[in-house]
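Read the structure below first, then the notes.
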Amino acid sequence: MTVHPGAASASAGLDAQLRALYDGPAPGLLRYLVRLTNGDRYRAEDLLQETLVRAWRHPESRTETGEWRRSWLYTVARNVAIDDLRTTRPVELVGDLLDDHPDDNDPVERAIDAGVVHAALDALPERQRTVLVEVYLHERSGQEAAQRLGVPVGTVKSRTFYALQALRELLDPVAAPVNHRLSARSSGPAALR
């Protein structure tokens, strides 16, 4: 089999153009697509490949010097990502996986959640619990809560902050030791207000 000398040089020229496309704008496009896919590098690489194929099929998107227009490439990449998002179907939950996602409107789940929150509120010091009740359950402003409790507005704000922090720790036992160490280290005894 004989290869025509012109065909070999044309093939080498195409290889060089492909290499220039891949080495030039491809790394930046990949970073952009990784952001668009929320960090899914494998999906971003697939989208990059589709973007580069579309660029290769549209030589009119090149500048006079033969480089691909960056704005055109990024627009194509965004459109490819949007098309991919539109065609991606949500995963159907079957069997045991359904138990991992309880129904938000389930009265039993709501009662359990309410019981956990009430127990956590009961565990708070009285001054913190009363501030949370006034501000969140009775929906009073800081000024109104201050008047009802007979304390300054700044005290209401401070107690609300520390009460929410303590409540968060009570409701999330995994994060509680870390949050407690951080708050004790950063604000000393003031974190115990």
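The values are calculated or read from the model by the stated rules, or taken from the named source; none is laboratory data. If you're wondering where the values come from, they're calculated on a predicted model, not measured in any experiment. Cβ placement follows ideal geometry from the backbone for every residue including glycine, while neighbour counts extend to all protein chains displayed.
Could you give me the residue pairs with C-beta distances under 7 Å whose first residue belongs to the stretch 127-151 and is outside any helix (DSSP H, G or I), whose second residue is surrounded by fewer than 17 Cβ atoms within 10 Å (Cβ to Cβ) and at pLDDT 90 or above wherever it lies, and which are 6+ apart or on separate chains?
Close Cβ pairs (under 7 Å, with a partner that is surrounded by fewer than 17 Cβ atoms within 10 Å (Cβ to Cβ) and at pLDDT 90 or above) amount to 140/148.
Just to be sure, is residue 96 among the charged types (D, E, K, R), assigned to a helix (DSSP H, G or I) and at pLDDT below 80?
Criteria met by residue 96.
If you scan the stretch 22-36, which residues turn out to be crowded, with 18+ Cβ neighbours inside 10 Å and in a loop (DSSP other than H, G, I, E, B)?
Matches in the stretch 22-36: 25 only.
Taking the stretch 62-76 as the search range and keeping residues that are of a type outside the set (Phe, Trp, Tyr) and within 13 Å of residue 24 (Cβ to Cβ), which one is nearest to the chain's Cα centre (by Cα)?
Among those that are of a type outside the set (Phe, Trp, Tyr) and within 13 Å of residue 24 (Cβ to Cβ), it is 73.
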